[in-house]
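To start, the structure itself, in structure tokens.
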């Protein structure tokens, strides 16, 4: 909302009143001499002054993205982007789902506005005093000229397919099920992404395709009692809402309902005809829009009549439309040659004629004689960092009584710099504090407002409105901190937490006591009126039933190799021997790790001061909302830097999850404390990217950044080395050249290492030697499994970033034999939505032939080639060309594997995918999907090529692991082992394979605890054998997958708080918790406490007593009973191997449970903190 005060000021001017009068009289206005930012401000001013919706029509998707970013800050209540496709409407395939959903989101908003009633246009408004207040202002929409083409069903056909749900209305569940099916929603067990719905008793979850979040409908009888949004990743309910409009999942159901088999017969193949007759959805129905409806609609037909239409750069928009119409006309004639098909395209002139029922603005940057009103905006004559000159310019404009605004990501700094140069200015933190702003304007004091969004801003002087706007570009040469994205909004990433121990029948499991078995099924058994569920496991010598509440003793077997593990015998001692052997090896690892930790704890490092004022300002300029994990990682890093030990922290995060931002904040802290920083990256291209990022973020500050890589000439390298040694250079970014002998720092304080595992042995040794002298921050996208993270916490400092940014979407991964038509279609679809493509090959040989093949496949596509054997200058030039959007396809080798960030690229094709390792494929796939658009990764392998099992598994694994953050949650096998190898050494891989990854990690954690001197013995698990009915009934959680996940969540919960949260989640998702499940939660609470106290089993003894079995010694027991009151102490009798609780067996099982939870919780208070790790 940074610009809302500016649009308000413009709206109060006499010129605005005059323009509105002309617009109302003539129906249209041509305004020229306006750059992009003043265009947006003037258009918003004129629409908001009369409480009217605004629709901006641009020539390209990219320009639409830029407009969207700036309109977001101009005081609109809602700002919607309407996505359109560059593809021909006669193509026989559907548009990208994400694009259709974006359109439906806008149409749903228009339907909502129509329901609420858009205020009538006040045509007689003549004076500035009638300016609309922000609450009256409705919405703005940005679209390309393609939105004016007929591409939608008519409004009267669309409205019946919108289902309005309101709190308190009567709702029949069966009717709702039928309606959701008619709208195209898919019924699933768990709602995770758009277009899905599920039902559990009286609770219905739906993810409307036109909403940012899924909704949870709770019924009470036949009444809709509550509507709540919920988080798709945690499934937890969020805010209550009163009303929601459900649109269809696509336009196909509407089109299909208006078509008959006779109408379609000439156009469909026999297979398609059969599908249509069966009522199944058909691909590419939009080409039959003209058959289904006599007059298909455009976006114009859905707009309120009061809408103001702004056409941006009419000549460019016309030219762009004409090119598209020419291409589509050719295709229509081709398609119609066999059987005439009604036209669903028209010329731009015809579209403009349709728009004449609305009032229109035509906005141009270039002023032409005899063409409308020239508002004569001009750029501000300013040189970045020449603050005295800028202050002088502003004083001159102030003397002419021009109103001056400073729009900055760091407004306090901008104000301070002007004040230093005798130009008083003031920062107003709330851009809607109009009283304060008006007061400053009367005094002719420049007003500073904060803006850290995605728009590309450039200052201007608009003499016709007597206004000046200055941005960070004029102050610091800062262009933009991020790229505008052309996507519908999302508040949370649709990423589900994947359970790495999720069990399915046939999976191999590890039981702590019995070894490796195979999971067969889940079954219920009732013994002595006690009902429990059991997992049936197959061993070499028979079956074993494990109670579901003992699930903590089991983990899915995950080893190093691809071979199936051998099943253990329950009767054999082999498993115990294996465990014993591994335990010894693990103990050695634990000793080594703790020694390393102890050595580092004794080293003295530089103690950084707490954050200086500039720190908060620089961090606030981050144009995105940091995720909780990012904030936590930043806090961890700062805490390390402020301690007197050298930092050695590893920050792990999936590709695109924001590790670089954590590093930027640490680098800034080091530099402002007077230290130098070196940032090391494995590839030349990645160093270029980091260098540009740092230059851009630190532009407002007196910080010198240098780049040292093979793109630099010998003279440039010498100069950088000299400036590093004298301290003139604050930050240097580079490849391994930074570790060379010629590089000497005056006062190096922080070393940031990106993807350390990709450096060679010698380089790693050099980094290792630096670790004892300076603070080291390592960034890695190679997944470090959470279990390993837990085991090593306190030994190696690690921060995990597992929360995806809200706009991030899982990448759709397609696996296919080599198919030219499929490749063409994949590339064409990406180019049609205005994007770019990576085409990756495993080797340089033959790359020119592939380029020729691509040119033949996609005529007119601009293809660039990049590989490591090219001369440095040529490679740099190619990457800059592609990064700037001047090529459509980058044909390359794995040179793009690490960290490259080009948000426009949202499709990657990998040829001969079987030749890449899983880690490489995972990193390559992470190069796309960074802009929030649905990204696609295509993995192609030769048809005739027989894939090895290992290659097939690699490709399958990648296809399955589409969830965001899946690198951690699923701990992808060979990456996981690599992560372990990096931290613990490869020789441990064999030990891990013998007993499975999870048990190995648990043993490592136990060994570390033991060496640290824990008194209470560790037990694998606590078995509770009280006569209780504790299970999850089948009618409460019917889905087996969800039920198994629920059991595992309970079995692995570490605290009472976690159990309370699980109970809240169940209540939220499945309704009131039945007593058997309540009992299960309480059994687990007892189990948690008993396990921490070293009790391995709790069981009745006879009819009077209850026994707590334990391997603890008497001194440890004496410590525990200290916390019991006197009257209870006498009830507990310790003998070797057990503690007897006298008289407890005479109470019913429920009371036994309550008393044990209470008494054991009191004992827990006696434990030293360390014992509760």
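Laid out as a table, the results:
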| read-out | value |
| --- | --- |
| Verdict on residue 390 being under 22 Å from residue 34 (Cβ atoms), assigned to a helix (DSSP H, G or I) and in contact with a helix residue (DSSP H, G or I) (Cβ under 9 Å, 6 or more places away or on another chain) | no |
| Residue check, residue 902 at pLDDT below 85, within 19 Å of the chain's Cα centre (by Cα), crowded, with 18+ Cβ neighbours inside 10 Å and closer than 30 Å to residue 103 by Cα | yes |
| Subset of segment 683-715 [assigned to a loop (DSSP other than H, G, I, E, B) and under 13 Å from residue 729 (Cα atoms)] | 702, 703, 704 |
| Selection count where residues are at pLDDT 90 or above, farther than 17 Å from residue 1022 by Cβ and out of contact with any helix residue (DSSP H, G or I) (no Cβ under 9 Å at 6 or more places or on another chain), scope segment 1099-1132 | 0 |
| Residue that is surrounded by the fewest Cβ atoms within 10 Å (Cβ to Cβ), among those in segment 45-89 that are within 19 Å of residue 826 (Cβ to Cβ) and in contact with a helix residue (DSSP H, G or I) (Cβ under 7 Å, 6 or more places away or on another chain) | 86 |
| Of the criteria (1) part of a loop (DSSP other than H, G, I, E, B); (2) at pLDDT below 85; (3) in contact with a strand residue (DSSP E or B) (Cβ under 9 Å, 6 or more places away or on another chain), which one residue 551 fails | (1) |
| Options 1059, 983; residue that is at pLDDT 90 or above, touching a helix residue (DSSP H, G or I) at 6+ places or on another chain (Cβ under 9 Å) and surrounded by fewer than 20 Cβ atoms within 10 Å (Cβ to Cβ) | 1059 |
| Matching helices (runs of 4 or more DSSP H) fully within segment 797-892 where at least 1 residues are in contact with a strand residue (DSSP E or B) (Cβ under 7 Å, 6 or more places away or on another chain), surrounded by 15 or more Cβ atoms within 10 Å (Cβ to Cβ) and without any contact (Cβ under 8 Å) to a residue 40 or more places away in the chain | 847-857, 872-883 |
| Residues of segment 516-540 classified as outside any strand (DSSP E or B) and either at pLDDT below 90 or assigned by TED's automatic domain parsing to the domain that holds residue 1025 (or both), total | 2 |
| Top-ranked residue in segment 753-776 [being in contact (Cβ under 8 Å) with a residue 60 or more places away in the chain and within 27 Å of residue 719 (Cβ to Cβ); ranked as farthest from the chain's Cα centre (by Cα)] | 773 |
| Residues of segment 236-270 that turn out to be at pLDDT 90 or above, over 22 Å from residue 290 (Cα atoms) and out of contact with any helix residue (DSSP H, G or I) (no Cβ under 6 Å at 6 or more places or on another chain), as a count | 6 |
| Of all residues in segment 631-645 being touching a residue at least 60 places away in the same chain (Cβ under 8 Å) and buried (at least 21 other Cβ atoms within 10 Å of the Cβ), the one that is nearest to the chain's Cα centre (by Cα) | 633 |
| Which numbered condition residue 282 fails, given (1) surrounded by fewer than 18 Cβ atoms within 10 Å (Cβ to Cβ); (2) free of Cβ contacts under 8 Å to residues at least 40 places away in the same chain; (3) part of a loop (DSSP other than H, G, I, E, B) | (1) |
| Yes/no for residue 55 being within 21 Å of residue 307 (Cβ to Cβ) and over 27 Å from the mean Cα position of the chain (by Cα) | yes |
| All helices (runs of 4 or more DSSP H) inside segment 1-118 with 1 or more residues being within 30 Å of residue 209 (Cα to Cα) | 36-48, 61-71, 97-116 |
| Qualifying residues in segment 586-615 (those that are without any contact (Cβ under 8 Å) to a residue 60 or more places away in the chain and in a loop (DSSP other than H, G, I, E, B)) - the one surrounded by the most Cβ atoms within 10 Å (Cβ to Cβ) | 611 |
| Residues of segment 768-808 that turn out to be modelled with pLDDT of 75 or more and farther than 18 Å from residue 629 by Cα, as a count | 4 |
| Number of positions in segment 616-630 that are buried (at least 17 other Cβ atoms within 10 Å of the Cβ) and either modelled with pLDDT of 90 or more or assigned to a helix (DSSP H, G or I) (or both) | 5 |
| Breaking point among (1) part of a loop (DSSP other than H, G, I, E, B); (2) buried (at least 17 other Cβ atoms within 10 Å of the Cβ); (3) modelled with pLDDT of 80 or more, for residue 1016 | (3) |
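Conditions (1) in contact (Cβ under 8 Å) with a residue 60 or more places away in the chain; (2) surrounded by 19 or more Cβ atoms within 10 Å (Cβ to Cβ), marked per residue:
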residue: 714; (1), (2): no, no
residue: 722; (1), (2): no, no
residue: 732; (1), (2): no, yes
residue: 751; (1), (2): yes, yes
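Conditions tested, residue by residue: (1) touching a strand residue (DSSP E or B) at 6+ places or on another chain (Cβ under 6 Å); (2) at pLDDT 90 or above; (3) part of a helix (DSSP H, G or I); (4) exposed (fewer than 13 other Cβ atoms within 10 Å of the Cβ).
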position	(1), (2), (3), (4)
272	no, no, yes, no
276	no, no, yes, no
290	no, yes, yes, no
318	no, yes, yes, no
336	no, no, yes, no
344	no, yes, no, no
349	no, yes, yes, yes
368	no, no, no, yes
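Yes/no per residue for (1) surrounded by fewer than 14 Cβ atoms within 10 Å (Cβ to Cβ); (2) assigned to a loop (DSSP other than H, G, I, E, B); (3) at pLDDT 90 or above; (4) over 38 Å from the mean Cα position of the chain (by Cα):
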| position | (1), (2), (3), (4) |
| --- | --- |
| 398 | no, no, yes, yes |
| 418 | no, no, yes, yes |
| 423 | no, yes, yes, yes |
| 438 | no, no, yes, yes |
| 455 | no, yes, no, no |
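The values are calculated or read from the model by the stated rules, or taken from the named source; none is laboratory data. On a predicted model such as this, the values are computed, not experimentally measured, just so you know. Every residue, glycine as well, gets a Cβ built from its backbone with ideal geometry; the counts of neighbours run over all protein chains shown.
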